[in-house]
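Trainee: Handing you a structure now.
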DNA sequence: AAACCGGGGGG
DNA sequence: CCCCCAGGTTT
């Protein structure tokens, strides 16, 4: 990306941050690292409005890292109740114990050391080090994915290792141009949360609209791109293999849906009572589901639909799903 | 790379 | 109903 574009973006984000009311509980000139750590862990995959009461409650119960390290786990979990992702609480306490044991009770400053602590990943390490110590490292969370992908028109799926790397590098490049990692990083998250929202972003009043790629190419509603994690399903299919003197029974499929207008074997709703397996079951993989295909050697009586027979010669001229075509090639009739 | 982890809010 | 949220760990 051109440096002047990166800078225009960065300056607008910092201006946005400095001119907005701040919502985080520990927003002060010298944020306490423990408070930032606690709030960032609480807010993982959690809306700020939902997490704030928990932050206040837990900080009051455990005012220092030492208190947290020595806490009764059940006590901590009772305060966490309702937040979800309860391993966050256990990891948080494990981290506090690590800090007591290995760092004299004080959080390390660099993101490289922070990330070694339980429950602190790339995001939280970058957040603590940039906000508390000015390290020039970009935070990458859901807001950052959204804002960067829209503004720069990046369509790389964000939920892939390659996408994550690309966005992290871009975030780092921008934050290196800033004199205040804390303001820039918090600004882009605040901007994403309040302004460049997932749905109905406030483009009409956005000061970045003039140079926003998504806005100027009509892609606001398609960015960021996420690779679909299609939950694959399995469907059982029972094919009737009916062989007659006249040939092999085939039926033409409807003109809509999968394999529209192609020829296949008559279907059975379930494994036939009077039938022998005619072949091994074959799993036919589609993008969204596995078709587990069974072939049953049955007589005409098992089929409750008009049957048409085709000779091998005739069948070769019919359009068929590949799984049927392969089967036809294998058998003798 | 994909699964798993929770509860709440909004369209 | 689905998507998203100031993500991280485990397999």
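The values are calculated or read from the model by the stated rules, or taken from the named source; none is laboratory data. All of these numbers come straight from a predicted model, not from anything done at the bench. Note that we place each Cβ from the backbone using ideal geometry, even for glycine, and neighbour counts take in every protein chain shown.
Trainee: Out of all the residues in region A:67-88, which are over 25 Å from residue A:47 (Cα atoms) and outside any helix (DSSP H, G or I)?
Mentor: Taking region A:67-88 and keeping what is over 25 Å from residue A:47 (Cα atoms), we get A:67, A:69-72.
Within region A:67-88, A:70, A:71, A:72 qualify.
Trainee: Scan region A:7-18 and tell me whether some residue there is free of Cβ contacts under 8 Å to residues at least 24 places away in the same chain and assigned to a loop (DSSP other than H, G, I, E, B).
Mentor: no
Trainee: Any idea which of A:149, A:178 is surrounded by 16 or more Cβ atoms within 10 Å (Cβ to Cβ), within 18 Å of the chain's Cα centre (by Cα), within 15 Å of DNA strand C (Cβ to nearest atom) and in contact (Cβ under 8 Å) with a residue 60 or more places away in the chain?
Mentor: Within the list A:149, A:178, the selection yields A:149.
Trainee: Which number in (1) touching a helix residue (DSSP H, G or I) at 6+ places or on another chain (Cβ under 6 Å); (2) within 15 Å of DNA strand B (Cβ to nearest atom); (3) within 24 Å of residue A:103 (Cβ to Cβ) marks the one condition that residue A:73 misses?
Mentor: (1)
Trainee: Within region A:222-240, how many residues turn out to be assigned to a strand (DSSP E or B) and at pLDDT below 75? Don't jump to the end; show me each part of the working.
Mentor: The initial filter retains those residues of region A:222-240 that are assigned to a strand (DSSP E or B), namely A:233-240.
So of that shortlist, the ones also at pLDDT below 75 come out as A:233-235.
Total meeting the criteria: 3.
Trainee: Hey, another quick one. For region A:298-325, which residues satisfy the criterion of being farther than 13 Å from residue A:251 by Cβ and free of Cβ contacts under 8 Å to residues at least 40 places away in the same chain?
Mentor: Of everything in region A:298-325, those that are farther than 13 Å from residue A:251 by Cβ and free of Cβ contacts under 8 Å to residues at least 40 places away in the same chain turn out to be A:301, A:313, A:316, A:317, A:322, A:325.
Trainee: Evaluate region A:128-138: report whether one residue or more is under 13 Å from residue A:223 (Cα atoms), touching a helix residue (DSSP H, G or I) at 6+ places or on another chain (Cβ under 7 Å), more than 7 Å from DNA strand C (Cβ to nearest atom) and assigned to a helix (DSSP H, G or I).
Mentor: The first filter runs over region A:128-138 and keeps only residues under 13 Å from residue A:223 (Cα atoms), leaving none.
No: zero hits.
Trainee: Please work out if residue A:165 is within 14 Å of DNA strand C (Cβ to nearest atom), part of a helix (DSSP H, G or I) and either without any contact (Cβ under 8 Å) to a residue 24 or more places away in the chain or under 20 Å from the mean Cα position of the chain (by Cα) (or both).
Mentor: Considered against the rule, which asks whether it is within 14 Å of DNA strand C (Cβ to nearest atom), part of a helix (DSSP H, G or I) and either without any contact (Cβ under 8 Å) to a residue 24 or more places away in the chain or under 20 Å from the mean Cα position of the chain (by Cα) (or both), residue A:165 comes out as yes.
Trainee: Also, I was wondering about something else. Test residue A:251 against the criterion of being at pLDDT 80 or above and surrounded by 15 or more Cβ atoms within 10 Å (Cβ to Cβ), and give yes or no.
Mentor: Here the answer is yes, as residue A:251 does meet what is asked.
Trainee: How many residues are touching a helix residue (DSSP H, G or I) at 6+ places or on another chain (Cβ under 9 Å), in contact (Cβ under 8 Å) with a residue 40 or more places away in the chain and not in a loop (DSSP other than H, G, I, E, B) if we restrict to region A:195-221?
Mentor: Counting residues in region A:195-221 that are touching a helix residue (DSSP H, G or I) at 6+ places or on another chain (Cβ under 9 Å), in contact (Cβ under 8 Å) with a residue 40 or more places away in the chain and not in a loop (DSSP other than H, G, I, E, B) gives 4.
Trainee: Right, something else. Among A:116, A:109, which is more than 14 Å from residue A:46 (Cβ to Cβ), within 10 Å of DNA strand C (Cβ to nearest atom) and assigned by TED's automatic domain parsing to the domain that holds residue A:58?
Mentor: Every option except A:116 fails the conditions.
Trainee: Sticking with this one: Within region A:94-128, how many residues are without any contact (Cβ under 8 Å) to a residue 60 or more places away in the chain and within 14 Å of DNA strand B (Cβ to nearest atom)?
Mentor: 2
Trainee: Please go through region A:94-123 and pick out each residue that is within 25 Å of the chain's Cα centre (by Cα) and outside any helix (DSSP H, G or I).
Mentor: A:115, A:116, A:117, A:118, A:119, A:120, A:121
Trainee: Conditions first: (1) in contact (Cβ under 8 Å) with a residue 60 or more places away in the chain; (2) not in a loop (DSSP other than H, G, I, E, B). Residue A:91 passes all but one, so which condition is the exception?
Mentor: So the condition that residue A:91 fails would be (1).
Trainee: Another question, then. It is to be established whether one or more residues within region A:53-61 are in a helix (DSSP H, G or I), surrounded by fewer than 19 Cβ atoms within 10 Å (Cβ to Cβ), touching a helix residue (DSSP H, G or I) at 6+ places or on another chain (Cβ under 6 Å) and at pLDDT below 95.
Mentor: For region A:53-61, residues in a helix (DSSP H, G or I), surrounded by fewer than 19 Cβ atoms within 10 Å (Cβ to Cβ), touching a helix residue (DSSP H, G or I) at 6+ places or on another chain (Cβ under 6 Å) and at pLDDT below 95: absent.
Trainee: Limited to region A:1-56, what total is found for residues that are within 16 Å of DNA strand B (Cβ to nearest atom) and farther than 19 Å from residue A:123 by Cβ?
Mentor: Within region A:1-56, the subset within 16 Å of DNA strand B (Cβ to nearest atom) is A:23, A:38-55.
In the following step, the residues that additionally are farther than 19 Å from residue A:123 by Cβ were identified as A:49, A:53.
Going through region A:1-56 one residue at a time, the tally reaches 2.
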